[in-house]
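The values are calculated or read from the model by the stated rules, or taken from the named source; none is laboratory data. The structure displayed is predicted, hence computed values, not measured ones. All Cβ positions, glycine included, derive from the backbone under ideal geometry; neighbour counts span all protein chains shown. The area values use the complete protein model at the heavy-atom level, side chains included, leaving out ligands, DNA and RNA. Shrake-Rupley method; radii C 1.70, N 1.55, O 1.52, S 1.80 Å.
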Amino acid sequence: NEVADVILANPPFMSPKGGIKPHKRFTVQATRSEVLFVDYMAEHLSATGRAAIVVPEGIIFQSGTAYKALRKMLVDTSLVAVVSLPAGVFNPYSGVKTSILILDKRVHKQTDKVLFVKVQNDGFNLGAQRRAVVNSDLPEATRLLRGWTTAPGQFECDGVMAQAVERSKIGASGDFNLSGERYLASERPATTTAPMISLGELCTFKTGGTPTSSVEEYYKDGTVPWLVSGDIHQKKIVDCEGRIADAGVANSNAKVLPQNAVLIALNGQGKTRGTVALLKMSNATCNQSLVAISPLSTEKLLPEYLFSVLDSMYQDIRNLTGDEQRSGLNIPILKTIQIPLPPLEVQHQIVAEIEGYQKIIDGARQVLDNYKPHIVIDPGWEIAKLDDLCDLVRGSSPRPQGDPNYFGGPVPRLMVADITRDGMRVTPNIDTLTEEGAKKSRPMTAGSVVMAVSGNPGLPAILQVDACIHDGFVGFRSLDTRRLLPEFFYYVLLANKDANKLQSVGTVFMNLTTDQIRTYSIPVPDLATQRAIVAEIEAEQALVAANRELIRRMEAKVKAAMDRVWGSASDS
């Protein structure tokens, strides 16, 4: 009978052979562990409770009675967002396709919609090694989710990464399917001025193969690039982790693929199926999870145009087999796909337009991925200990957690989830305390600098309002503003956050203690120099924010260009 205000979970999904035989107190009667875990958590939220639950893709679309009953219960009571993650984010432990269910009973009462967010790149490739890559979608996905849960009535999106869908539409078919692509897919005009031609008439098809794993010579010292479905997240593939030897190519069904072939994932995990990419590598091969499609004649069909059209058809291609089928796609099915085929000149124009937008997107993402504030330390500046500049206090939480005498009142309390590195000033919007609870917490005044010491250790913020701070923070009280501006102090902390240390002591930011932080020393130039540095960094931050908006606009233009292909390709 206990309830929770916040639940964060990545529960185990394995069900024993024969299923589970639970007691009858679950709202949804089921024998599958993933259904029962989600049911339990949804039922044990307080009246204003929130939850974020990682679930396998079966929860999203399986047609079993228990799955549909669970989705209906969630949509009716608490579900406010579904975040689709790329397959492979949990490699090397599991390649299962997953999503995150966001439950929030407070937000649920404020809107009649559910937000669907699609993350295609989490900042790492999807192979077993999970190496870091650029252009992560997570910052933008976080911004969208924060905007949605803060003010769903004012939320705006263009359908590129996220779309808010009415709950009535989700329930219209009776299955309460939570596959965001179902609702993000745009309706195409019934007719187009360009002729519709099948891929079977226009292209050749090549599948790959896997050399026998027990034969060492097929793999040892291999130099031939060998692509798998986990590489398909790259829209333009210029490299991959896998390598096989020439002997492996010769003794398997693997074939050398033509450069500029369009790759389609035949199966893969979950939503990988149907994903397309343009192969920019030479002398590469692939395993059997991919098929390479090449135009019979580039005088009739441009590979880049083919890629853009098939990329815009992602959900339509998946629907050829249906989300609930596990057999995947195959070449006979792909050959039946029809695409609009405008004149070659028009194809060149469309490709040039989209590539122009994509170059801007790639450049803007480089800015987002690489920018961080940087302060060049002058050797002549004073270096002072924090203890000499302010009083340092640790945040605290009233006990017991959830006691109505302490929680749910008018006093805002800052939580680690409230702050991001995208903004200096922060207003708590997640948790509140009563006046009595505030006495047992750590109150801070508006304008105070605080810093996370757990969760996202080292990340600072400046309070916009009077608020208490959670025990995941330290607060810097009574800052000597005659020597140190709060804004300059914030940027010093932020500049050192990514390096995971402050220059004077090199202490690693990881579950920091108050005593550790008390020993830190920071540069303290004169106030005029501090103001100049703050002004310069704020100008840079404005340009970074502009790049984020630029990406959103360019992605909308790419979508609009492809919509024109389906409506009236020759209008280009």
Which aspartates and glutamates does Lys236 reach when only Cα atoms under 20 Å apart count, and residues fewer than 8 places away in its own chain are ignored? Asp122, Asp137, Glu304, Asp311, Glu353, Glu355, Asp362, Asp369, Glu555
Would you work out the relative contact order for the chain, in percent, from Cα pairs under 8 angstrom that are 6 or more residues apart? 11 percent
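How big is the dipole moment of the range 366-501 about its Cα centre under a simple scheme where the beta carbon of each Lys and Arg is +1, that of each Asp and Glu is -1, and everything else is neutral? Debye, nearest 20, please.
Value, rounded to 20: 160 debye.
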Please provide three numbers in whole Å: the alpha-carbon extents of the chain along the principal axes, with the largest listed first. 75, 67, 55
Spatial separation of Cα centroids for the range 195-216 and the range 56-135, in angstrom: 31 Å
From the protein chains alone at 1.4 Å, what is the descending order of accessible area for Tyr490, Tyr371, largest first? Tyr371, Tyr490
Roughly how many Å² is the accessible area per residue of the chain, as a whole number, for a 1.4 Å probe? 46 Å²
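As a test, work out the antiparallel percent of DSSP beta bridges whose residues both lie in the chain, rounded to the nearest 5.
75 percent
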Name the aspartates and glutamates eligible as straight-distance cross-link partners of Lys300: C-alpha to C-alpha under 12 Å, and not fewer than 8 places from it in the same chain. Glu201, Glu345
Cα-based equivalent ellipsoid, the range 264-319: semi-axes from gyration tensor eigenvalues, Å: 20, 16, 8
Among the aspartates and glutamates, which fall within straight-line cross-link reach of Lys24, defined as a Cα-Cα distance under 17 Å, with same-chain neighbours fewer than 8 residues apart omitted? Glu34, Asp39, Glu43
Take Lys559 and Asp362, extend 7 Å from each Cα along the Cα→Cβ direction, and tell me the distance between the two endpoints in nm. 2.3 nm
Could you sort out which of Lys220/Lys559; Lys220/Lys359; Lys68/Lys118; Lys72/Lys118; Lys118/Lys206 sit more than 32 Å apart by Cα distance in this structure? Lys220/Lys559; Lys220/Lys359
Between Gln110 and Val256, with labels modelled 7 Å along Cα→Cβ, what's the label distance in nm to one decimal, could you check? 6.0 nm
In debye to the nearest 20, the charge dipole size for the range 201-243, taken about the Cα centre with +1 at each Lys and Arg Cβ and -1 at each Asp and Glu Cβ, equals 160 debye
Full-extension gain between Met14 and Thr513, please, as 0.36 nm times their residue separation minus the C-alpha to C-alpha distance. 175.8 nm
What is the packing order of peptides 527-540, 278-291, 546-559, taking the mean over residues of other C-beta atoms within 10 Å and listing the highest first? 278-291, 546-559, 527-540
Distance in Å, no decimals, from the C-alpha centre of the range 370-397 to the one of the range 516-561 is 18 Å
Could you work out how much longer the chain between Ala151 and Glu2 gets when fully extended? Use 0.36 nm per residue separation minus the Cα distance between them, nm to one decimal. 50.7 nm
Of the heavy-atom accessible surface of the chain (probe 1.4 angstrom), what whole percent is carbon and sulfur? 51 percent
Just subtract the alpha-carbon distance of Ala535 and Lys335 from 0.36 nm times their residue separation and send over the number in nm, one decimal. 66.2 nm
